[in-house]
Amino acid sequence: MSRTGSVNSLVEDNWNPTAGLSDASGFSPTYQAAKSGGTHTTVQAAIDAAESAGGSDRVFISVSPETYLYEYENTGPGAAQ
């Protein structure tokens, strides 16, 4: 991310990643981030794999209910500069 800092207040952006698609509960994940049993053990590793695979289709990354605390930086194509 090109900007960092503290969050003073939450902002709702109303972004819908499934707009125009069917019910998300029926999606089959391409990658799964989980402490065990997934394709990757961190969310960042799943994102990196999706970026490395290339393409222009949507990729569904399932994140299991564990908590992940780390910083994410998108440095791939289309990343904010």
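Structural remarks
- One residue stands out in region 26-48 among those that are of a type outside the set (S, T, N, Q) and surrounded by fewer than 16 Cβ atoms within 10 Å (Cβ to Cβ): the one that is nearest to Thr75 (Cα to Cα), namely Ala45.
- Positions within region 1-45 being modelled with pLDDT of 85 or more and among the basic types (Lys, Arg), in sequence order: Lys35
- Looking only at residues in region 46-72 that are acidic (Asp, Glu) and assigned to a loop (DSSP other than H, G, I, E, B), the one that is modelled with the highest pLDDT is Asp57.
The values are calculated or read from the model by the stated rules, or taken from the named source; none is laboratory data. Here the structure is a predicted model, which means the values were calculated and not measured. Neighbour counts run over all protein chains shown; Cβ positions are idealised from the backbone, glycine included.
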